[in-house]
Amino acid sequence: MKFTINREALLKPLLLVAGVVERRQTLPVLSNVLLVVEGDTLSLTGTDLEVELVGRVHLESPAEDGDITVPARKLMDICKSLPEDSDITFQLEDQRVIFRSGRSRFTLSTLPANEFPSIDEESGSYSFSIIQSRLRRLIDRTGFAMAQQDVRYYLNGMLLEVREHALRSVATDGHRLAMCTVEADISQDDRHQVIVPRKGILELARLLTDGEEIVNITLGANHIRATTGAFIFTSKLVDGKFPDYERVLPRGGDKVVIGDRQIMRQALNRASILSNEKYRGIRLILDQNTVKIMANNPEQEEAEEEVTVTYEGNSLEIGFNVSYLLDVLSVVDCDAVKLTLSDPNSSALVEEPENSDSVYVVMPMRL
């Protein structure tokens, strides 16, 4: 096995592939990246047995076919430290990889390629294509609401729901819910749901661009696979039943508040400074065309903000975790934001006032 490659051509896929590799592994080969040369293509593969990422690079100069695994972190650190635009030559000799660049020479230990695990191939039950920027929007708009280490393991991920002509993502941690729906070229009558684990979602988001390029998605019984021009991403699915999210969406709220998103966000940010550090509770007091935002903490310190909004209903006082409201106001990108409320014990519905493809539900707090 022998090949020569430009540092920049290698570094981009290597950074993404090495991101999948965990630092602490039970199997030594899992901290390695698999290098495979076939013809004029170099493939780099990283896996943690949950998520697998394959990056492909076109080799400009002739190469000798072969495969081997090398330590991912060391390879990445060496490539980063080499001068820009330098050429790197890899050569396998006596089960060690020697690579040279200019006057630098490095010898790395290896493990055989046949020890490297691959996620089992399975026939996909359903395939479709979607523009990368749309899939990325789904993740950006809802990913923050995924649970982190919940015992309800099915919440530690994101629901992807294939619908007719649409793809929907839903994430919830039990206290707030985020949902986004985008158009997609899907001709499926019945709904198909999968839960992608948190790490899979975060790694997939790193791959997607904001452009019009297409990504091909295959949903199997146990895996999701996303294929772009340069990458093949595979993740195991979470085996569980996602809650019936449509029952959580509040219906019939009669108190509608429309306010400037940035002004509301800044006022909530300031008030949060004096909220209880553990519970992060704030109170919203609605009155004719104004919202008062109040916070206090065990040290008897208080914050009060008054924001002018469009509101015609009766007065209402309701408590929220300020972090949950700020998370929503950070991901929506419109000028105004609409809150629909009904009473102090019911969840708030947050959305953009017009043509919203995203809906957010935030549970109230008793203060």
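The values are calculated or read from the model by the stated rules, or taken from the named source; none is laboratory data. The shown structure was predicted, so the numbers you read here are calculated from the model rather than taken from an experiment. With ideal geometry, Cβ positions are generated from the backbone for all residues, glycine too; neighbour counts draw on all protein chains shown. Each accessible area value is taken on the protein alone, full model and side chains, heavy atoms only, with ligands, DNA and RNA left out. Shrake-Rupley method; radii C 1.70, N 1.55, O 1.52, S 1.80 Å.
Across every pair of different alpha-carbon atoms, what Kirkwood hydrodynamic radius in Å does segment 32-185 reach?
19.1
What percentage of the solvent-accessible surface of the chain, computed with a 1.4 Å probe over protein heavy atoms, is contributed by carbon and sulfur atoms?
45
Find out how many positive minus negative residues lie around Thr45, taking Lys and Arg as positive, Asp and Glu as negative, among other residues whose Cβ is under 12 Å from that of Thr45.
-2
Full extension from Leu27 to Asp210: what is 0.36 nm times the residue separation minus their Cα-Cα distance, to one decimal in nm?
62.3 nm
Need one number: the % of Cα-Cα pairs in the chain sitting beyond the 29 Å mark.
Distances greater than 29 Å cover 52 percent of the Cα pairs.
Ignoring ligands and nucleic acids, what accessible area does Tyr324 show with a 1.4 Å probe (Å², nearest 10)?
Only protein atoms counted, so the area is about 40 Å².
Counting only the heavy atoms of the protein chains, how much of His175 is accessible to a 1.4 Å probe, in Å² to the nearest 10?
Taking all protein chains as shown, His175 has close to 90 Å².
Rounded to the nearest 500 deg cm²/dmol, what is the calculated helix-only ellipticity per residue at 222 nm for the chain, with -39500 (n - 2.57) per DSSP H run of length n ≥ 4?
Estimated from H runs of four or more residues: -5500 deg cm²/dmol.
Take every Cα pair under 8 Å in the chain that's 6+ residues apart, average their separations, divide by the length, and report that relative contact order as a whole percent.
Reported relative contact order: 13 percent.
Give me the percent relative contact order of segment 139-215, please, defined on Cα pairs under 8 angstrom at least 6 residues apart.
For segment 139-215, the relative contact order is 31 percent.
Counting only the heavy atoms of the protein chains, how much of Arg152 is accessible to a 1.4 Å probe, in Å² to the nearest 10?
Answer for Arg152: close to 100 Å² accessible.
Taking H as built 1.01 Å from N, whose amide H comes closer than 5 Å to the amide H of Thr41, not counting residues under 5 places away?
Answer set, sorted by chain and number: Leu59.
Go ahead and set up a Gaussian network model of the chain, Cα springs under 10 Å, then flag whichever of Leu167, Leu27, Leu135 fluctuates most.
Among Leu167, Leu27, Leu135, the largest mean-square fluctuation in the Gaussian network model of the chain belongs to Leu27.
Taking the Cα atoms only, what angle lies between the long axis of helix 132-142 and the longest principal axis of the chain, rounded to 10 degrees?
Once rounded, the angle reads 50 degrees.
Report the number of Lys pairs in the chain whose alpha-carbons are under 28 Å apart, with separation of 8 or more residues or on distinct chains.
Lysine pair count for the chain: 18.
Going by alpha carbons, how many degrees (0 to 90, nearest 10) lie between the helix axis of 7-20 and the longest principal axis of the chain?
Tilt of helix 7-20: around 60 degrees.
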